[in-house]
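One structure is given below, encoded as structure tokens.
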Amino acid sequence: MPTNFKTPGVYIEEKNAFPNSAVSVETAVPAFIGYTEKAEWYGKSLLQKPTRITSFAEYVERFGGSFQAKFMLKTLGGATDPKKTDVKETPETDKDAASADTEAKADVTEAKNETVSAAGKSTFTVGQKQMYAEIKANHTLYLFNCIRLFFANGGGPCYIVAVDTYNNKPNGIEVNVADFIGSDKKINPLELLKKEFEPTLVVVPDAIALGAACYNTIYTEILAHCANTQSRFAILDLEKQSPLASTSDVVGTFRNKIGVNNLKYSAAYYPWLKTAVVQPSEVTFENIDSSVKLADILPEDAAQKVVANFKPTESTSETEKLNFHQALKATSPTYTNILGEIRAILNELPPSAAMAGLYTAVDSSRGVWKTPANVSVNMVNAPSVDISSEQQEDLNVDVMAGKSINVIRTFPGIGTLVWGGRTLDGNSQDWRYINVRRTLIMIEQSLKLSARAYVFEPNDANTWVTVKCMMNNFLTNLWKQGALAGAVPEQAFDVQIGLGSTMTATDILDGKMLISVKVAIVRPAEFIVITFQQQMQQS
């Protein structure tokens, strides 16, 4: 309306009666960083571009399918040729005798090493041999199956950052540290995520393929990224436990290498999960390396005929391959057992993606202030390692540095449950629990966005009252939902702003509006103790 009234008439002036409202930001939007089959959409490359998807179908459409891992089939106890040990030739000279003795010792050493490396592996019987399947080098990728596990556990919108593609790479792809944290020649995907406001979780399942080498390189960079943005929380995996390693070895290595910085912005989960995301129809003879001769392994005569009649070439159609696969399944139980072992290996996945899905499910049904624990994990048959209550004591409470590890356990008659809700900063009274850290992140970012509307507004009492009312309304609604502890709102939170309480005259001259917000966030009942005592008979 005009400010100078010169023309006679009636003028309308509207004034805002209510303050701006603060809206809760999203709390469970993970960003997955890893390797995909492709990265394009309508001819445009999505490589190194954070891309938002809302379903598994969108992922497949933009980033393709799974990586076809290749496996070797090895004999337990070594592959020493029995002819070498059965026939002993007399050496003609002392030199030949020494050479023969050296070769014999080498054969024995090789056989022993092979036995040790295969100890504890799941084996299958072929004739009189015990064999096992082992994945080839550079054929270990987890992102695709982890995305399936994420959506199976309640996952929703998420971001995908493809660092490289494995399409048309039959020899596999090497998992490289530089792909996750950048280098002189590669873009740092964490820097790309800084430009995206929505992601609140960071998950890197492919990084754990490096084993413990990712702890003090990739993981520490992710923790620094979360602390720098102050709006993200990292879900970390521990390395896959080998049959010859113990839980204390795996956990001890993780605690030693992860450092002590920014631990309040992450949580770690253990052990890996035996899932059911990879279906039997997805595993075929194509998962067996071409160097493995099925004719030398399958003992069934009918299977030998099927193998002899199949001559694969570059022009072999998918129908012919499918027919060959079905024929082998029908004629060879050994072939079926081999594929079952391969499927079991492919189905053993790190738990971070499943936990990201459970974070989303719990946030949607209860709220971010509910600890994501004592909930069952979908599409999971069992944890890869059975942890008892006594074993979990040292994992949940780390006396030395407080680096708590959340355990996923199986309970008879109940199922597989997440049985821990601590951050890696487990000895901190402020940031011990995941829900406390993530709830405060949500409050901080929500109020930060709402306060942006008052930048460059007059720094006077009118603005202070408006800002205080806006924040009080937001926190009151959170208290009503159960996010804050207290019988009345005054016990749950406190907002202070104004000259003499949070600001001085000098602060106002410097253009500073200082606001103090105190909140009492609800904490989980981690230990419930019921005391029983007998009393004297009353009557």
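The values are calculated or read from the model by the stated rules, or taken from the named source; none is laboratory data. Just so it is clear, the structure is predicted and the values come from calculations on it, not from any experiment. We place every Cβ from the backbone using ideal geometry, glycine too, and count neighbours over all the protein chains shown.
Below, the figures for the structure above:
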item: Residue pairs meeting the criteria (Cβ under 6 Å; at least 6 apart or on separate chains; first more than 9 Å from Leu328 (Cα to Cα), in the range 295-314; second at pLDDT below 90 and of a type outside the set (Val, Ile, Thr)); result: Pro299/Gly127
item: Among residues of the range 199-241, those that are assigned to a helix (DSSP H, G or I) and without any contact (Cβ under 8 Å) to a residue 60 or more places away in the chain, counted; result: 20
item: Single match in Glu320, Glu390 (criterion: assigned to a helix (DSSP H, G or I), free of Cβ contacts under 8 Å to residues at least 24 places away in the same chain, out of contact with any Phe, Trp or Tyr (no Cβ under 9 Å at 6 or more places or on another chain) and over 30 Å from Leu440 (Cα atoms)); result: Glu390
item: Tally of residues being under 30 Å from Ile443 (Cα atoms) and either surrounded by fewer than 20 Cβ atoms within 10 Å (Cβ to Cβ) or among the aliphatic types (A, V, I, L, M) (or both) across the range 207-237; result: 14
item: Selection within the range 127-165 - part of a loop (DSSP other than H, G, I, E, B) and farther than 24 Å from Lys74 by Cβ; result: Asn153, Gly154, Gly155, Gly156, Pro157
item: Selected residue [in a helix (DSSP H, G or I) and farther than 16 Å from Ile258 by Cα] from Glu191, Glu196; result: Glu191
item: The listed residue being under 20 Å from Ala133 (Cβ atoms) and modelled with pLDDT under 95, out of Ser246, Ser281, Ser315; result: Ser281
item: Selected residue (only one of Ile147, Ile173, Ile160 is more than 17 Å from the chain's Cα centre (by Cα), closer than 25 Å to Gln68 by Cβ and in contact (Cβ under 8 Å) with a residue 24 or more places away in the chain); result: Ile173
item: Which listed residue is under 43 Å from the mean Cα position of the chain (by Cα), buried (at least 17 other Cβ atoms within 10 Å of the Cβ) and within 28 Å of Ile434 (Cβ to Cβ), from Ser516, Ser450; result: Ser450
item: The listed residue being surrounded by 13 or more Cβ atoms within 10 Å (Cβ to Cβ) and in the same structural domain as Tyr270 (by TED's automatic domain parsing), out of Ala353, Ala303, Ala327; result: Ala353
item: Thr439 being farther than 30 Å from Ala28 by Cβ, assigned to a helix (DSSP H, G or I) and in contact (Cβ under 8 Å) with a residue 12 or more places away in the chain; result: no
item: Failed item, numbered, when Thr7 is tested on (1) out of contact with any Ser or Thr (no Cβ under 9 Å at 6 or more places or on another chain); (2) surrounded by 14 or more Cβ atoms within 10 Å (Cβ to Cβ); result: (2)
item: Residues located in the range 194-253, provided they are under 19 Å from the mean Cα position of the chain (by Cα) and acidic (Asp, Glu); result: Glu198, Asp206, Glu221, Asp237, Glu239
item: Matching residues in the range 405-436 - criterion: being surrounded by fewer than 24 Cβ atoms within 10 Å (Cβ to Cβ), outside any strand (DSSP E or B) and touching a helix residue (DSSP H, G or I) at 6+ places or on another chain (Cβ under 7 Å); result: Gly421, Asp425, Ser428, Trp431
item: Members of the range 123-156 found to be at pLDDT below 90 and at positive phi, listed by number; result: Gly127
item: Subset of the range 473-506 [outside any helix (DSSP H, G or I), loosely packed, with under 14 Cβ neighbours inside 10 Å and β-branched (Val, Ile, Thr)]; result: Val488, Thr504
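Per-residue answers, yes or no, for (1) touching a helix residue (DSSP H, G or I) at 6+ places or on another chain (Cβ under 7 Å); (2) within 30 Å of Gly340 (Cβ to Cβ); (3) basic (Lys, Arg):
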position: Tyr132; (1), (2), (3): yes, yes, no
position: Lys136; (1), (2), (3): no, yes, yes
position: Tyr142; (1), (2), (3): yes, yes, no
position: Phe151; (1), (2), (3): yes, yes, no
position: Tyr159; (1), (2), (3): no, no, no
position: Ala162; (1), (2), (3): yes, no, no
position: Asn171; (1), (2), (3): no, yes, no
position: Ala178; (1), (2), (3): no, no, no
position: Ile181; (1), (2), (3): yes, no, no
